[in-house]
Every structure is written in structure tokens, then in C-alpha cells.
Amino acid sequence: MATDSPDSKLDIAPGPAPVPSAGKENPRSRSAAKPSGQTDAKTAPAKNGAASGGARHEAAAGNRAAKQATQKASQSEAKPRSSALEQMEELDKVGALTLMTLAPAWLISLIVHMVILLLFGLLAMPDKVKEGFKDLVAVASEKPEAVDEPLDLPTQVPLDVDLPRTEVVATVDSVNVQDVAPLDPIDANDAPAPEMSIVLDDFGTSTATTSLTDQIGSVSGKGLSGRGDPNTRAQLARANGGSDASEAAVAAALKWFQEHQNGDGSWSFDHRGGKCNGKCKNEGKLNKANLAATGMALLPFLGAGQTHKEGKYKETVRAGLYYLISNMKATPNGADMTAGGGSMYGHGICSIALCEAYAMTQDKNLALPAQASLNFIVYAQDPVGGGWRYSPRQPGDTSAVGWQIMALKSGYLAFLQVPKPVVKNANKFLDSVQADGGAQYGYTGPGPGPATSAVGLLCRMYLGMERENAALERGVKRLADMGPQLNSSSAGNMYFNYYATQVIHQFDGPDGPLWQKWNGKMRDTLIETQSKKGHETGSWYFTGGDHGSETGGRLYCTSMAAMTLEIYYRYMPIYSQESAEDEWAN
């Protein structure tokens, strides 16, 4: 059957078209005219001639239709049957031809020209642009992957939550700051004032213009200026009561410290590790407070003018300073160095070491760690009583206060920033523990303790007490009458000796009778009791009266003894004209 419906092209096996025979009617003529044999009788006689011609005409038309049908049938039989896929492709072609046939000429011309222009453009395009175009197409075709995991947002910590006071072991290794810059020498004039995390009043100039150890060849000066050139130290030692033997004892002590430094730059109160290998007795019980031990060991080096930039032991000092900086714990309130049981005592000692090293070298790599250590002292002060003790903000004790005051004073000498309210509150604490109008001082309350009285008097001197103060005079005379607490059998209280030696030297030295009497016994007994055998050579250990000997052991005793023998140049006179003009507490 012939039809115009496109669905007929999807027939899998279409049959041949029917061929009309001569004796049969043409199906297409059925609705147009009746066959000649059935012509109406009423019209036949009148139209005989016309009917005859019409019959011939219909016969001819039928013959032509038969021939066309025969040709189509033969063509249909000759053509192989197409599959459904081929028929669909034929349909697409027909549709495309129909579209091309029906579309306006201008539209076809426009499409053709656009295609040609695009082809020419691609041919002329640089290779890099082509690659970028390909990447752009590839990226545009990709679908974004779904994100299944939620974003890891930081949690907010309430501001009123107290910071934990336990030791935190974390990356940064209790701030293990492994990327701290090496302590390279710099121009001292290029040392900017350190940035602060809290608002501080500056007692010194905004930045140090020179180190405090560069006054070579002069016995005058202030602060740490006596530690500079070896000739200056020797001159000051002779002028203030030192001797060749006392200087030799200091040198032997520094060698002992070098021999007992750990591989990471630290020291331990249990000194038996490393090269010692147990050869030295009398280790301290505070065997985990390596920060405090390292600060304690560094102080005699710095007192003798040995820094990380100059001196025989500069690599030893460099390693020790690096250990302090690498192991301080960063907090919002400054750098905490109380780890290992060292408490605020150890922090104060470490802060003194950092501040003195910065004051002596003006190495700006030390400025921020030193200032951060002072910031923590400022934060840790008891906001009510003005003192310091084992943990931050505890009601204070005189012993801990002594180390913090010395750290703050060292920071001031380094031109770092110290807030005036801290000094005022420290005086408030001393007021609370003084006796006899300020001539004596107790531990946590008023009392006459010898060691705490020595600490209290020295703090008063550094905080601005006038030399002519009657209570100061009474307190100094009382200490001098006690005399050094040390004998030839190494029994004594080096904590008392260390502070009392400074008080009497600052008040009466170098030519006063009190100092002359005190210094002779103190110096000579220390030289006599220093160990001179085996691996202990250059060290000290004292028994009786000093709790530090038990907890800090031989390292603590050696540090206190060596610093006492450095009294002649370690700190310049407090009551000199230059110091009076630059009083930090006024």
C-alpha cells in the first residue's frame, strides 16, 4: 500500500505493491467514476459516441497506472531490505534535507559562513591558546563533586575561662618553636622597640642604641657595663676586691658547665648525663626542670661577659639560649617557662638570662623572647598583693619575688618595656612582709629571716630605696654582722650568701669596712671549697641550710658560687651617679 505516512518506512518486511489486472477496476477510479458496463441506461443512447471515447480514455489511463505499478514493484523487489537503524538514518537525512529545503537562503548562507570563519580561526589559533581552550572545555564539561564532609570551623573559647596551668605538650613542643631564627649578629642601631601584647609604660628609651658592655677600658658605668672587655672585668675585679684566684675559680666553673651541657643545648639539675656519665655526685632532685637548670647555668657565662656573639664559650651560650627560646610556651599573656616543676622561680631565672643576653648584645632575635618572658611576669603578678609565687597570680613569697624583680630590672637595663604599676605593686608586697620598719623581711608575712631579709633589702634597693634610708642601714649592718654562712667544710647557705653579698657590695663597696670584712671571708672560702678533683673540678656542693642544694644539686650550688665571685663586675653600683640619673622605679 502506498502512503505518505513516515511510519511506513519502519516496516521491517514490506510486501510488493499490488499490480492491477486488465479486467479489474482501478481502485483510485472507484470514487471518481463507475465502470463502463454499469453506465446509466438513460444516458447511454444519448451519449453513445462520447461514452465510447471516454472508455478508450479510461483504458489508456489504466494501462499507464498498471505500468507505473509494475515498475515500482520491480524496483521494490530489486532493492535489498534495510534495517531499522538504516531506516532511521534515512529519516534523519530526509529531515535534514527538508530543513535545508525549507530554510531561507540567507540563513543557510549565514550558517555556512560562520562555520568557515570558525574553521579559519581554529587554524590560525596559537598552540597554547588551543590547549587552554581544550582545558576550558574539559573543565566546563566536568560536574562539581559533592562535598560530603562539613567544614572544620574553629570553636570559640569563652573569654572568662581561666587558662589551664598544667604543662601542655603540643606541637611546638610546649611551643617547641623549631623555626626560631638563628641568633645572627646585627647592627645594634637597627634594633627596634619590640611590639607588645599589652599596653606598657616604657621606663627606658624606646630602643637601645648601644649594648651595655661596650664601655671598654672604663670602670665607670651602670647596669651590665662591667661585663664587656676582659681587661675591664679584670680592672673591676681588682678595684672591688677580686683576685687572680677568684677569676681562675670562675673560669674553672664555666668549664665544668660546658662539660655538663646536654646535646640539645640544655642543662639538667641531674647533671650525671652526657659527658659526665655519673662521674659527679650530688645531683638535684628537680630532674625535669631543664628550663630552670638551663637558665641557672647560663647566668655565670653571661656574668663573665660570655655571650653567643663573643667569648670562648659563645657556641655553648648560643645553644643554651636557643633551648630556652625553643621550649618556652607561648600564651596570650607572654612566654611561659615554668615547665618541669620550675614554677615561677625557674621562669624568673630564665627571663634574667634572656634579658641579660639581649642587653649585652642587642641581638634583635632575642628582643621578642625576652620581652615575652617579661610579659608573663607582668601577667603572673598577684593582682591583689603584688607578689609572685609558684603559680601565676598566687599570693607571693619573698624568694620568688626576688627572681622576678631581678628579671624586670634586667629587662629595664636591656631597654625593654616594664609597666610602672608592676613596680608599684611589688613595693606593696614588700610592705606586707617587712619588719622593723623595712630592715627585715619574712617569707609570706612579716619576719626576720636572714635569707628573705637579704632578698627584700636588695629588691628595695633596685626599686629605688634611698641609700640614706635608716631601715636600709640597719638591715645591711645586721647582715654584715651575721657574716657569710659558709665554712671550709662546704657547709653553708649559698642562697643567703648570694643575696647578702650583693646587698653589702652595693651599699658599702668597694672600700667600706663592711664590704672589706665580708668579701675577704666570702671570696677566700669559695676559692677554698671549690672541687679540684676528677670530673667535679670547678664545681661546688654545699650542705645544710639551703633548700636549693637539695633540689638543684651540684649545678645549683656551682651557679650560685660562681655568680657570687662575679660580684665585682656583674652589676655596676646601684648608687653611682649614673645609676641615680637613670633610676627605673622613679
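How would you rank 511, 546, 270, going from fewest to most other Cβ atoms within 10 Å of each one's own Cβ?
Fewest-to-most Cβ neighbours within 10 Å comes out as 511, 270, 546.
Rank the residues 478, 570 as a footprinting-exposure proxy: fewest other Cβ atoms within 10 Å of their Cβ go first.
Working: 478 18, 570 24.
The most exposed by this proxy come first: 478, 570.
Rank 476, 427, 538 by how far each Cα sits towards the positive end of the charge dipole of the stretch 188-581 (+1 on Lys, Arg Cβ; -1 on Asp, Glu Cβ) and give me just the farthest.
Going by the charge dipole, the pick is 538.
Decide, for the stretch 188-581, between rounded, prolate and oblate: order the square roots of the alpha carbon gyration tensor eigenvalues as a ≥ b ≥ c, take rounded if a/c falls under 1.5, and otherwise choose prolate if a/b is larger than b/c, else oblate.
Cα axes put the stretch 188-581 in the rounded bin.
Does the stretch 256-402 classify as rounded, prolate or oblate by the C-alpha gyration tensor (a ≥ b ≥ c root eigenvalues; a/c under 1.5 gives rounded; else a/b over b/c gives prolate, otherwise oblate)?
It is oblate, given that a/c is not under 1.5 and a/b is not larger than b/c.
What whole number of Å gives the distance from the Cα centroid of the stretch 243-293 to the Cα centroid of the stretch 453-504?
27 Å
With point charges of +1 on the Cβ of Lys and Arg and -1 on the Cβ of Asp and Glu, referenced to the Cα centre of the stretch 188-581, which listed residue (452, 380, 487) lies farthest in the positive direction of the dipole?
487
Just order 499-506, 548-555 by mean Cβ neighbour count inside 10 Å, highest at the front, would you?
Most protected by this proxy first, the peptides run 499-506, 548-555.
Hey, what do the phi angles of the stretch 483-489 turn into as Karplus ³J(HN,Hα) couplings, whole Hz, using 6.51/-1.76/1.60 and θ = phi - 60°, x for Gly and Pro?
Listing the rounded values in order: x, x, 8, 6, 9, 5, 8 Hz.
We did not get these values from a lab; they are worked out from the coordinates using the rules stated. Since we're looking at a predicted model, the values are computed, not measured. Positions of Cβ are generated from backbone atoms using ideal geometry, with glycine treated the same way; all protein chains shown enter the neighbour counts.
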